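Take a look at the structure below.
Please treat every number below as a calculation from the coordinates, not as lab data. Since this is a predicted model, take the numbers as computed values, not measurements. With ideal geometry, Cβ positions are generated from the backbone for all residues, glycine too; neighbour counts draw on all protein chains shown.
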Amino acid sequence: MLNILIVEDEQAIANLIYLNLSDEGYRCVCAFDGKQAADMIEKESYDLILLDIMLPEIDGYELLEYIKPTETPVIFITAKGSVSDRIKGLKLGADDYLVKPFQIGELSARVEAVLRRYGKSEKIISFAGLIINTESRQVQKDEEIIDLTVKEFDLLVELVRNKNIALYRDKLYEKVWGESFVGETRTLDSHIQRLRKKLGWEERIKTVFRIGYRLEG
């Protein structure tokens, strides 16, 4: 299980992040000021740190300098949303920058993306009764193996990793098929239909009018 440190002085936001990422299968802990976070980082290693900038004791910019030698990926989560703030945060070494208020689904997707970039994404993904093994490429539901084609499996993983986010047809196609989308949707649409049928997800994989698809969870 991957360890995530949430450094956020607003307890309501910290609790929201904690509850949602814990439901995703991550082991989460919270620090509510920069000094507490520094003490925790000194004692334990983390796979990812979610870091507010405006913190008591030690601010996020200073704390990032402290984190750098550990080579732990960092996502800034902050109300400082100007372009100059974003540029500063990324230039200082943050791996991503998310402005408050944010959708929790977007946070989950960014967390997964950064962890994948560092080769730390989970090999086992659990979602809605499915167990997806990205190493053996097997999908299990109610202790039965679901037989998926290569593209059906890749499409499923992409949908699950971006659940509750509307995915554009062209981007989804290019991600799964690895080639440019030329406007013909039948290939993608037929794979979506087969996934719905094989998984019993007729109501879970939603068609988003003029956009593409969204997996609800």
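Structure values in brief
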{"quantity": "Order of Met40, Met54 - criterion: other Cβ atoms within 10 Å of each residue's Cβ, fewest first", "calculated": "Met54, Met40"}
{"quantity": "Where labels lie 7 Å past Cα in the beta-carbon direction, separation of Ile13 and Glu62 in nm", "calculated": "1.9"}
{"quantity": "Subset of Lys68/Lys120; Lys35/Lys120; Lys80/Lys163 violating a 25 Å alpha-carbon distance limit", "calculated": "Lys35/Lys120; Lys80/Lys163"}
{"quantity": "Sorted by Cβ neighbour density within 10 Å, fewest at the top, the residues Val7, Val114, Val208, Val157", "calculated": "Val208, Val157, Val114, Val7"}
{"quantity": "Extension gain (nm, one decimal) between Lys141 and Ser22, 0.36 nm per residue minus Cα-Cα", "calculated": "40.7 nm"}
{"quantity": "Modelled FRET efficiency - R0 22 Å, Ser84 with Lys35, Cβ distances, 0.05 increments", "calculated": "0.25"}
{"quantity": "Residues whose placed amide H lies under 5 Å from that of Tyr213, excluding near-sequence neighbours", "calculated": "Leu167, Arg169, Val208"}
{"quantity": "Computed Kirkwood radius, in angstrom, where 1/r is averaged over Cα pairs of the stretch 63-217", "calculated": "17.4"}
{"quantity": "Alpha-carbon radius of gyration plus Dmax, which is the widest Cα pair, for the stretch 3-117 in Å", "calculated": "12.6, 34"}
{"quantity": "C-alpha center-to-center spacing [the stretch 81-110, the stretch 22-78] in angstrom", "calculated": "14"}
